[in-house]
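The values are calculated or read from the model by the stated rules, or taken from the named source; none is laboratory data. Computed from a prediction, not measured in an experiment: that's the story for all the values here. Glycine also receives a Cβ, built like all others from the backbone with ideal geometry; neighbour counts cover every protein chain displayed. In case anyone asks, the SASA skips ligands and DNA or RNA and just uses the protein heavy atoms, side chains included. Shrake-Rupley method; radii C 1.70, N 1.55, O 1.52, S 1.80 Å.
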Amino acid sequence: MLKSGIDKATSFEKRFENIGTVVYENSAAASKSVAKEIADLIRVKQAQKQPCILGLATGSSPKGLYAELVRLHKEEGLSFKNVVSFNLDEYYPMEPDSINSYVRFMKELLFNHVDILPENIHIPNGTLSKEGIGDYCSNYEAKIEAVGGIDLQILGIGGNGHIGFNESGSLQNSKTRLVALDHITRVAASKDFSGLNNTPRTAITLGVKKIMEAKRVILMAWGEGKSNIIKASVEGPVTNQVPASFLQEHNNATFVLDKSAASKLTRIDTPWLVEKINWTDTLIRKAVLGLALYLKKPILMLTDADYIENGMSDLLADSGPAYDINIKIFNKLQNTITGWPGGKPNADDSNRPERAEPAKKRVLIFSPHPDDDIISMGGTFKRLHEQGHEVHIGYQTSGNIAVADDEALRFASFVCDYNDKFGIQNAEAENIYKKAVNFLKNKKNSEIDIPEVRNIKGLIRKGEAQSTCYYVGLPESQIHFMELPFYETGTIEKKPIGEADIQITMDLIEKIKPHQIYAAGDLADPHGTHKVCLDAIFESVKKLKSKKYMEDCWVWLYRGAWQEWGIDEIEMAIPMSPDQVLEKRKGIFKHQSQKDGVVFQGADSREFWQRAEDRNRETADLYHQLGLSHYAAMEAFVRWHF
């Protein structure tokens, strides 16, 4: 929000975005567009009988791009014989055949599937002695200069704004070099290395100077997890604290974003500050609640002057005065609060988020991992069961990669010792567990778990999920382990969603014929497990929507452990008492393998139960700050209309 009329005038005259940005509906459409530009450039260079020099990136952002380039090669005859590639970076130390090496990444996603000449591929060498890195980096830059520089450089962006591995503090004239990786970068990468302790501390990266010398630069970013750093890079000052902001000074650089990554840009987040808009109900609610929170005022205390001084005079002209707008938004927000997530029987439901009828509903809660149900909507889960609804849980994946090796070793060793002590003879089971114990005791950091270990880790998580359901009161018949095939690779890298995943999801919906579906609407990572699981649900619901029972089915989306819906997005808020908060905590405690330093801790050192409680309390505090009743905690939901 703006602080004064003077600030407002200055801001309207100022261009918010200091670099070209193109926003697409999703990452798939964006990737296809970038691939077309690359393909066009390759073909132009071929016609000119010249090499095409590409700077390539790794990470999750370019995966869709490389898949589309492979498709263009196989289906449309795009040749890469004139392409010379230079990759941005590589971890150090790193063997090229390691599952985490960028050499392997590039081969598996692109090079092995196109006709690029092996001698034209350049990727920093992660096996050098430290003494040889300086000369190697100088030679790497010399090779780029010898072919005339990079024609088109592809970039991703780190959570701290790094490009390549040029971390915060990197200078614009920095050269190719060995760098120490920022803690934020290592945390983001730790999921690929089975924990932070195994994640490299250093890497070799192309310097900012060479990136800035590229004739064309395209930075790609997907998911709302990147939205804050995108705003800082595009709209903020040029600063070495956000290396991506250097691209503001490049004469041919573009940020290519999906809607989620672009969501914090001023023209999207607060478009009324950029131009005259059509004030829809959604935009009015977003603007008014944002204004109240910015000014730290309850909704009903906002004045005409508050609106005018913060770029919202058009809204007053269209819908004013402030008092009338405030009342309307206050009532809408108040109507999102309900203690009856399945609908209140025999009540007027015209202003309630859920229907009163049928009084007893069949409910299907989809949980991407075996603990997302209790972490993200445990209070609602328990209340639905206690209020007499038939609640089913669909655990979409085994969650086995999130079990630490020592936890699996303890479990397998216990079974072996138990069998030995009591003389239980089961040769097949004994062989499985002893094989797992032997593997885990000798496992290398880069090794993928053998099937026996993955099964044991899956059993651990299955048992914990069952324990949670029993705690809530669900019978065995209402617990469903789906084990979607896309997840079962043994690595962080999952398969794309397939027909088998969708069919399993459809079969469960068909079996239950739910009146309510709850699903994890976590959109932070478009390639993450939560998003893939959500896509499977969306596709299944779309395919089933012609069925008679689907006419009575509503889909509610909850968030994962990391974020909450924006206050302007929430359509149903379930309040919780202090006792209910403690009950939810006890349910989360059933997942012992996910306590005390989990494999994928992320940048947040709090345990899952702490994150959940803090998030639920913060949601309740926001409602209170806006002038509504004060609860101990709240779980929030958004309805998806199919």
Legend entry - Alpha-carbon radius of gyration plus Dmax, which is the widest Cα pair, for segment 318-417 in Å: 21.4, 75
Legend entry - Global geometry of segment 220-261, whether rounded, prolate or oblate, following the gyration tensor of its Cα atoms and the 1.5 cut on a/c: oblate
Inset, instruction - With a ≥ b ≥ c taken as the square roots of the eigenvalues of the C-alpha gyration tensor of segment 256-321, please select rounded if a/c is under 1.5 and otherwise prolate if a/b is larger than b/c or oblate if it is not? - result: prolate
Inset, instruction - Work through the residues other than Ala356 whose Cβ is under 9 Å from its Cβ and net out their charges, Lys, Arg +1 and Asp, Glu -1. - result: -1
Inset, instruction - Can you work out the accessible area per residue across the chain, with the rest of the protein chains kept in place, probe 1.4 Å, in square angstrom? - result: 43
Inset, instruction - Give me the number: length gained by fully extending Ile277 to Arg639, i.e. 0.36 nm times residue separation minus the C-alpha to C-alpha distance, one decimal in nm. - result: 127.8 nm
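Please give the direction-averaged projected area of the C-alpha convex hull for segment 264-380, in square nanometres with one decimal. List each step's numbers first, then the result.
On the way: hull surface 40.1 nm².
Mean shadow area of the hull around the Cα atoms is 10.0 nm².
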Inset, instruction - First measure r as the distance between the Cβ atoms of Glu510 and Asn346, then evaluate 1/(1 + (r/R0)^6) with R0 = 35 Å and state the FRET efficiency to the nearest 0.05. - result: 0.70
Inset, instruction - Excluding Leu557 itself, calculate the net charge of residues whose Cβ lies under 10 Å from the Cβ of Leu557, where each Lys or Arg counts +1 and each Asp or Glu counts -1. - result: -1
Inset, instruction - Return the loop-located GluC sites (Glu not before Pro) in segment 249-329 (DSSP other than H, G, I, E, B) with at most 14 other Cβ atoms within 10 Å of their own Cβ; answer none if there are none. - result: Glu275
Legend entry - Built amide H within the under 5 Å cut-off of Thr202, gap 5+: Tyr92, Leu181
Inset, instruction - Give the whole-number value, in cubic angstrom per residue, of the convex hull volume spanned by the C-alpha atoms of segment 197-240. - result: 144
Inset, instruction - Please report how far the C-alpha centroid of segment 142-202 lies from that of segment 362-388, rounded to the nearest whole angstrom. - result: 40
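Using C-alpha positions alone, give me the convex hull volume of segment 496-582 per residue in cubic angstrom.
Cα convex hull per residue, to the nearest whole number: 135 Å³.
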Legend entry - Kirkwood Rh in Å, taken over all unlike Cα pairs in segment 292-347: 12.8
Legend entry - Using a Förster distance of 41 Å, the FRET efficiency for Trp562-Gln50 (Cβ separation, nearest 0.05): 0.30
Inset, instruction - Once you have all Cα-Cα distances for the chain, histogram them in 20 Å bins from zero and send the whole-percent values. - result: 17, 46, 32, 5, 0
Legend entry - Label-point gap, in nm, between Lys441 and Leu171 - each point 7 angstrom along Cα→Cβ: 5.4
Inset, instruction - Heavy atoms only, probe 1.4 Å: what % of the accessible area of the chain goes to carbon and sulfur, would you let me know? - result: 51
Legend entry - Mean-position separation - Cα centroids, segment 37-108 and segment 439-491, in angstrom: 36
Legend entry - Nitroxide proxy distance, nm - points 7 Å out along Cα→Cβ at Val22 and Ser138: 4.0
Legend entry - Ala356 versus Val238: modelled label distance in nm, points set 7 Å from Cα along the beta carbon direction: 6.4
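Can you compute the helix-only [θ] at 222 nm over the chain? Use -39500 (n - 2.57) per DSSP H run of at least 4 residues, normalise by all residues, nearest 500 deg cm²/dmol.
Rounded to the nearest 500, the figure is -13000 deg cm²/dmol.
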Inset, instruction - Per residue of segment 369-381, in order, report the coupling 6.51 cos²θ - 1.76 cosθ + 1.60 (Karplus, θ = phi - 60°) as ³J(HN,Hα) in whole Hz, putting x for Gly and Pro. - result: 10, x, 10, 5, 4, 6, 5, 8, 9, x, x, 5, 3
Legend entry - Over segment 535-587, volume per residue of the alpha carbon convex hull, in Å³: 152
Legend entry - Pairs of Cα atoms farther than 20 Å apart, segment 360-420, %: 47
Inset, instruction - Determine the gain in length on full extension of the stretch Ala29-Phe481; use 0.36 nm per residue of separation and subtract their C-alpha separation, reporting nm with one decimal. - result: 159.4 nm
Legend entry - Accessible area, probe 1.4 Å, largest first, for residues Val415, Val34: Val415, Val34
Legend entry - Rg over Rh, two decimals, segment 204-292 (C-alpha only, Kirkwood Rh): 1.07
Inset, instruction - On a C-alpha basis, how far is the centre of segment 230-269 from the centre of segment 276-330 in Å? Whole number, if you could? - result: 28
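Just subtract the alpha-carbon distance of Asn112 and Ala146 from 0.36 nm times their residue separation and send over the number in nm, one decimal.
Taking Asn112 through Ala146 to full extension adds about 9.7 nm, to one decimal.
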Legend entry - Förster radius 22 Å - calculated FRET efficiency between Ala305 and Lys328 (Cβ-Cβ, nearest 0.05): 0.70
